[in-house]
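Please treat every number below as a calculation from the coordinates, not as lab data. If you're wondering where the values come from, they're calculated on a predicted model, not measured in any experiment. Here the Cβ is made from the backbone with ideal geometry for all residues, glycine too, and neighbour counts use every protein chain on show.
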Amino acid sequence: CTMSKNLRIGRSYQKKLAGDHRIIRFRCALNNTIGDVLKQRPGWVESKEGEDWDFYWCDIGWLRENFDHIYMEEHVRICHFRNHFELTRKNLMVKNLKRLKKQLERESKSESAKCDFFPMTYELPSEYHIFVEEFKKNPGTVWIMKPIAKSQGKGIFLFRRLKDIIDWKKEGYRANNEERKEETKDVETYIVQRYLGNPYLIGGKKFDLRIYVLVTSYVPLKAWLYRDGFARFSNARFTLDSIDDSYVHLTNVAVQKTAPDYDPEKGCKWSLQQLRHYLTAKHGYETVANVYQQMNEIFIKSLQSVQKIIINDKHCFELYGYDILLDSNLKLWLLEVNASPSLTASNQEDYDLKVGLLEDTLNIIDMEGSLTGNEKRVGNFDLMWNDGPVYAEDGSTDALGGPSYATNTYLGCHNDRKRQLNQLFRSLQNKKTAAG
Amino acid sequence: MASNNVSEVAALITEIIGNLNGSTLQAQLKRAAQKEVEKSTVTSATLKSDIITSLKTSGWEKILRNEIYKQINCIPKCFDSSIPFECQKEPLMYMRKAQANWEKRILKSMNSMCTELSIPLARKRPADEQRDLLHKWNEMGTDEPDLSHFRPVYAPKDFLEVISSVRNPNYCSLYGHESEEYPEVCSEHWGLIQVPLEVPRLTELQEKFSEFCSSLPQGGIDDSVDAPTESFQNERNRIARRVLDEKRGVLAQHFCRRGCPSGNRAEMWQLALGVTVDHLAILKYDQLKGYVLQHDLLVDSLIYKDVKLTSVNDDYYFVFEDYLYQVLLVFSRDTTVLDHFVHSSASPPKSYIRGKLGLEEFSVIYPPNGVIPFHGFSMYATPLCYLYSEPIRLYYMFREMYTRYFHRLHSISSHPQGIISLCLLFESTLQSTHPRLFRHLQEIGCQPLKIAFKWLVRAFSGYLATEQLLLLWDRIIGYGSLLILPLLAVAIFLFRQSNLLLITSASGVEGSLADITTLHVVPLLQLILFPT
């Protein structure tokens, strides 16, 4: 990328053109759904290499190299926060959560208990000895080793005996570091985590949940929750016997794709709505509503834990993909937060979901200036936190029949996105014409 | 009960008592009664009334009532022993003949597949293969046997061809003979089905399905998102709880008529159909599982292939693949399924021990349960996987649903709920409620039954969204009738009629009706039954 240092971005931005349509110049680093969505958005024009832009869906590599060297005009938007890795790197997230938990313990025991959604985790090599102590306390439990920076399931393995990890330390770890010497000078960090051996199974299969959260500001914290998401199933049947079989345990679609019996046409996903129906039929409304409320705690607490650390820049927003696991006791666990959740679609339904997700993200970023800023719902995004909890209005017709929600979140609930958007933009239009 | 005749009732009672004689329930009741007698509070003077009271309070009376209710639902209405058995199964001779020919065709197809692939119909598994299979019992879906040479024995469209060609030889048109110049005028029916069976008119159906009337709140409408009140749903939940606590099958069945709340549906259906999974049932299932391990049947490969082709390809049902094998493989070994042939026009297919073709003493029923699966058969079981996650309960629920209702969807018979009557009801209702649409479709060369048939044969499984399908099957169980299926099919055509009237080709119509997953079942049924 031929950007000179200290470049000014978004300069020739025209506030208003004839016909009340702004032209928004965008760049996009990815060649998938987001590209389609940006190109189809009315009034948005793709700017070429070297040209000025108002919006960039960038990749994190570009951000790391260029963010500090550019000056963005006020209206410019970019899709990552400078130090998002405080939330998305597994070891940093754990550290931040632990700190939040300690902080809350001083204030309120009940609040700190709500932080119990991440499995016991230690960083290696720095916390090796603490880990070994804990390991010895619970012999026979399964632990999972994950490199902090890799994704798509690379470099992950499970073990039950200390011997396995000692062997790995001697050979595998060093071998990995040999590879890495070309890339960075530092030694690779891993985390070792208590493996969740009792996942909730459907049809004998393990699954995890992918849920999308949009953060438009950290200070004050403003976060939106997308109603739709999906459950990703493992292709093979779950059993702790086959620890070596990484296909069983890792549910990332990326890993599943390399499993011998993977059928790309199959799309081993369920929508969150489908999952919600299934769980409700099994466990009843109340129980399932509580489970979904548990999720809110996960999102809010995880964001709060990094709120003071993330460099809050008004140009930045970020769409996170949360990976969550449900265990057989209907408790939720946070596995990971992704700053660049996959936007490639595996089938038509997936494509439609991602298009909706991205369109609504852009609706909320609102470069066109259509929204008032007081909305609690835009398309399928519900405002979850606005410097404080957001509550659904009483008697709101958005509520699913059944126990009404205190908070303004509707995961897996009824999905009438297009109708809501029509209503919203029509009422905004009316307000504008009324205002003259 | 519909019968008014005293002798009919008497015959029914005799039949039920005969069925209960020697059954487990009788033994259990006897034991409970004996326990009561041993109590010191019982005197010989009041023996009878004391036992009856104790059986009432301990809940045995309810169990007996449920069993009797179940029997009433399952026993065919005709008890006259002077009528030969085959006529009781199917009174019309030309239907019997058509069904017999159809069965011959299916068996022939299966046998020829056997000889082509040189696979025996049944073979005993060697010990290590048995061990393997036992080990893999919970994950048979991971097996990827080579099924490329197997073809399904038949598909619904083959079956449609057969039933379209059934004719009543005694029937002749008004013109006295088939006129070559005006063949259209001479045929009584404009649709595909050409047999003059009586089908209920809309007024009769309105009476039968009176609880669909729009003045009554319904599960599937009033508990949906857009409805402003939660009270209907709370009320339904409350009543459901009471019905389940009361443990009466007849109440559960009536409750289903207006839809079950999803949290109670599994239990409600089980109570309504009178399916009890006690330790004997579990033993029986294990015994059947043992049969599966011991012998490999050709039918197993057909089942595998069907599951892989249909259920696994479905976006929602693929998860339940393993359960389907555990249910369907066991199902084909279950000889109690043979009992349902008493009230079906079909007969179980026979095969002969090698070398003894034609000799009756060497004939065996193949497969043991007498049901040869066709393309899409596994879809009868898939929606149930949604409700029951324990394979044994799932199995018995599937078996009950099949032997009570679904078997009628793939055999040729004059039964008022048989597939032929359902097809005829579909065609005649569509013609009478919207003749213009019917005529238009015919003019562009599209027979509406060709599209609706696949929905009917599968009871809409795999075509509707799961929630909607379960609401539909609520009503099948609630009213104990499949007549709802053709009504829904007509409603779907009517719902999309403005689109259909503009289409000018048969393939266009198919395209327009290819995806019905977005439709809501209950408002559609109200549309057709009680149009305002």
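Compactness of region B:193-290 is given as radius of gyration and Dmax, 18.4, 53 Å, from Cα positions.
For a straight C-alpha distance cut-off of 16 angstrom, the lysines reachable from B:K350 (same-chain residues fewer than eight places away being disregarded) are B:K104, B:K108. With the simple spin-label model, which puts each label point 7 Å out from Cα in the Cβ direction, the A:K98 to B:L47 separation comes to 7.8 nm. Among residues other than B:L394 with Cβ under 12 Å from its Cβ, the summed charge is -1 (Lys and Arg +1, Asp and Glu -1).
Among the residues of B:137-147, the average count of other protein chain beta-carbon atoms within 10 Å of the residue beta-carbon is 2. The convex hull around the C-alpha trace of chain B, projected and averaged over every direction, spans 30.9 square nanometres.
Peptides A:355-362, A:281-288 ordered by packing proxy, namely the average of other Cβ atoms within 10 Å per residue, highest first: A:355-362, A:281-288. Packing-based ranking of A:313-322, A:23-32, B:404-413, B:139-148 yields B:404-413, A:313-322, A:23-32, B:139-148, ordered from highest to lowest mean Cβ neighbour count within 10 Å. Arranged from fewest to most other beta-carbon atoms within 10 Å of their beta carbon, A:R64, A:R106, B:R475, B:R123 become A:R106, B:R123, A:R64, B:R475. With a Förster radius of 51 Å applied to the beta-carbon distance between B:N101 and B:I72, the computed FRET efficiency rounds to 0.95. In terms of overall dimensions, the C-alpha atoms belonging to the protein assembly as shown reach 101, 73, 67 Å along their principal axes, ordered largest to smallest. Less than 20 Å from a label point 7 Å out along the Cα-to-Cβ axis of B:S231: which backbone N atoms in region B:201-220 qualify, by residue? Residues B:214-220 qualify, since their backbone N sits under 20 Å from the label point. Separation of the alpha carbons by more than 18 angstrom is noted, of B:K39/B:K247; A:K101/A:K301; A:K95/A:K146; B:K136/B:K284; A:K269/A:K331, for B:K39/B:K247; B:K136/B:K284; A:K269/A:K331. For B:S58 and A:T287, a Förster radius of 35 Å and the Cβ-Cβ distance give a FRET efficiency of 0.60, rounded to the nearest 0.05.
Summarising the label geometry, the points placed 7 Å from Cα in the beta-carbon direction at A:R160 and A:E51 lie 6.1 nm from one another. Per-residue extension of 0.36 nm, minus the Cα-Cα distance of A:R8 and A:K314, leaves a gain of 108.6 nm for this segment. Estimated purely from DSSP H runs of n ≥ 4, each contributing -39500 (n - 2.57), the mean residue ellipticity at 222 nm for the protein assembly as shown is -13500 deg cm²/dmol once divided by its residues.
Distance between the modelled labels on B:H520 and A:Q348, one decimal in nanometres: 2.4 nm (7 Å Cα→Cβ projection). In this calculation the C-beta distance from B:N499 to B:R201 is compared with R0 = 22 Å, giving a FRET efficiency of 0.20.
Dipole magnitude for the protein assembly as shown: about 1520 debye, using +1 per Lys or Arg Cβ and -1 per Asp or Glu Cβ, origin at the Cα centre. Taking Cα centre as origin and charging only the Cβ of basic (Lys, Arg, +1) and acidic (Asp, Glu, -1) residues, the dipole magnitude of region A:294-367 rounds to 380 debye.
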